[in-house]
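Okay, structure first, notes after.
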Amino acid sequence: MAKKLALIASKGTLDWAYPPFILASTAAALDYEVCIFFTFYGLTLLKKDVSDLKVSPLGNPAMPMPLPMPNLVQILPGLESMATMMMKQKIVDKGVASIEELRSACLESGVKLIACQMTVDLFDFKHDDFIEGIEFGGAATFFAFAGNSDVSLFI
Amino acid sequence: MDFDKEVDAKNLNCPLPILRCKKGLNELLGNQVLKIMATDPGAVKDFEAFCKQTGHTLLQLDQTDKVFTFYIKKRLDTL
């Protein structure tokens, strides 16, 4: 019987968009059955358009910067866009997959994507804001899968 | 070495080579051989781990310059 991987994706920045989609697509390639539950800011990863995901250097002292920069300076307007632009360029230069590409790989390989309905209500999102092929559900829906999974991670 | 399908995964980073490999294998029958090339330095360990976990056989690994070439025999499905 196939092994099962259950993930919770709770973050909605460009950098944190990678771990759930990388792990899910890889596990699917390893013949795992995979389910990702997207909740709170993670829900944004299921929007039709994910081209506006950003990465913020603010509060992230481990982020490599071209110049040493005190963290407080990073509240200046434009720095977040600059950091995001630099990260996107690196992603292309290093042959790293785009989020869209990894997400499509997940969908093609049958990864189950569940959007947290409570978060949809909380943020006044509409089902129409999200890509096709996902389910809407709550914590109980997640546990229906996660309850007998082999690996379960909160991201 | 003879092969039935060739996939170029050069200049792609983790996990794309593995995803391309899986896609390539999906188009083969059991016992057919996939040739796949990658430049990701992590690919050697990843392909070994992939084969170990999925039951496909890594027949041969060649390295020239910075390119790794893997020959992977698809497992015979037991279904």
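The values are calculated or read from the model by the stated rules, or taken from the named source; none is laboratory data. Bear in mind the structure is a predicted one, so any value in this text is a computation, not a measurement. Here Cβ is always computed from backbone atoms with ideal geometry, including for glycine, and neighbour counts include all displayed protein chains.
Residue by residue, here is whether (1) among the charged types (D, E, K, R); (2) over 26 Å from A:GLU100 (Cβ atoms); (3) under 10 Å from the mean Cα position of the chain (by Cα) holds:
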{"residue": "B:ASP2", "(1), (2), (3)": "yes, yes, no"}
{"residue": "B:PRO15", "(1), (2), (3)": "no, no, no"}
{"residue": "B:LEU19", "(1), (2), (3)": "no, no, yes"}
{"residue": "B:LEU34", "(1), (2), (3)": "no, no, yes"}
{"residue": "B:ALA38", "(1), (2), (3)": "no, no, yes"}
{"residue": "B:GLN53", "(1), (2), (3)": "no, yes, no"}
{"residue": "B:HIS56", "(1), (2), (3)": "no, yes, yes"}
{"residue": "B:LEU76", "(1), (2), (3)": "no, yes, no"}
> Could you list, in sequence order, the residues of region A:93-126 that are of a type in the set (A, V, I, L, M), in a helix (DSSP H, G or I) and either facing another protein chain (nearest Cβ under 10 Å) or closer than 19 Å to A:TYR41 by Cβ (or both)?
Replying inline: A:ILE99, A:LEU102, A:ALA105, A:MET118, A:VAL120, A:LEU122
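Could you please let me know if A:PRO77 is surrounded by fewer than 12 Cβ atoms within 10 Å (Cβ to Cβ), more than 14 Å from every other protein chain (Cβ to nearest Cβ), over 16 Å from the mean Cα position of the chain (by Cα) and within 27 Å of B:ASN13 (Cα to Cα)?
Values: surrounded by fewer than 12 Cβ atoms within 10 Å (Cβ to Cβ): yes; more than 14 Å from every other protein chain (Cβ to nearest Cβ): yes; over 16 Å from the mean Cα position of the chain (by Cα): yes; within 27 Å of B:ASN13 (Cα to Cα): no.
For A:PRO77, the condition - surrounded by fewer than 12 Cβ atoms within 10 Å (Cβ to Cβ), more than 14 Å from every other protein chain (Cβ to nearest Cβ), over 16 Å from the mean Cα position of the chain (by Cα) and within 27 Å of B:ASN13 (Cα to Cα) - is not met.
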> What pairs can you find where one residue is in region A:18-30 and within 7 Å of chain B (Cβ to nearest Cβ), the other is among the small types (Gly, Ala, Ser) and surrounded by 24 or more Cβ atoms within 10 Å (Cβ to Cβ), and their Cβ atoms are less than 9 Å apart, with a gap of 6+ or different chains?
Replying inline: A:SER25/A:ALA105; A:ALA29/A:ALA105
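For region B:42-57, give me each residue that is surrounded by fewer than 20 Cβ atoms within 10 Å (Cβ to Cβ), in contact (Cβ under 8 Å) with a residue 12 or more places away in the chain and within 13 Å of B:ILE18 (Cα to Cα). Steps first, please.
Start the filter on region B:42-57 by keeping residues that are surrounded by fewer than 20 Cβ atoms within 10 Å (Cβ to Cβ), which leaves B:42, B:44-46, B:48-49, B:51-55, B:57.
Keeping just the survivors that are in contact (Cβ under 8 Å) with a residue 12 or more places away in the chain gives B:42, B:44, B:46, B:51, B:54-55, B:57.
Once the filter is applied, which keeps residues that are surrounded by fewer than 20 Cβ atoms within 10 Å (Cβ to Cβ), in contact (Cβ under 8 Å) with a residue 12 or more places away in the chain and within 13 Å of B:ILE18 (Cα to Cα), region B:42-57 yields B:GLY42, B:VAL44, B:ASP46, B:CYS51, B:THR54.
Residue-by-condition table, conditions (1) at pLDDT 95 or above; (2) on the phi < 0 side of the Ramachandran plot; (3) in contact with an Asp or Glu (Cβ under 6 Å, 6 or more places away or on another chain):
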{"residue": "A:LEU45", "(1), (2), (3)": "yes, yes, no"}
{"residue": "A:ASN60", "(1), (2), (3)": "no, yes, no"}
{"residue": "A:PRO64", "(1), (2), (3)": "no, yes, no"}
{"residue": "A:LEU72", "(1), (2), (3)": "no, yes, no"}
{"residue": "A:MET82", "(1), (2), (3)": "no, yes, no"}
{"residue": "A:ARG103", "(1), (2), (3)": "yes, yes, no"}
{"residue": "A:ILE114", "(1), (2), (3)": "yes, yes, yes"}
{"residue": "A:PHE136", "(1), (2), (3)": "yes, yes, no"}
>> Would you confirm whether or not region B:36-45 contains a residue that is closer than 20 Å to A:ILE91 by Cα and of a type in the set (A, V, I, L, M, F, W, C)?
In response: yes
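Among what's in region A:31-72 and is part of a strand (DSSP E or B) and crowded, with 20+ Cβ neighbours inside 10 Å, pick the residue that is nearest to the other protein chains (Cβ to nearest Cβ).
We begin by selecting, within region A:31-72, every residue part of a strand (DSSP E or B); these are A:33-38, A:47.
From what's left, crowded, with 20+ Cβ neighbours inside 10 Å: A:34-38.
On the way: A:VAL34: 13, A:CYS35: 18, A:ILE36: 15, A:PHE37: 21, A:PHE38: 19 Å.
Looking at residues that are part of a strand (DSSP E or B) and crowded, with 20+ Cβ neighbours inside 10 Å, I get A:VAL34.
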> What are the residues in region A:64-115 that are closer than 30 Å to A:ALA139 by Cβ, touching a residue at least 60 places away in the same chain (Cβ under 8 Å), of a type outside the set (Lys, Arg) and out of contact with any Leu (no Cβ under 6 Å at 6 or more places or on another chain), if any?
Replying inline: A:ILE99, A:LEU102, A:CYS106, A:SER109, A:GLY110, A:VAL111, A:LEU113, A:ILE114
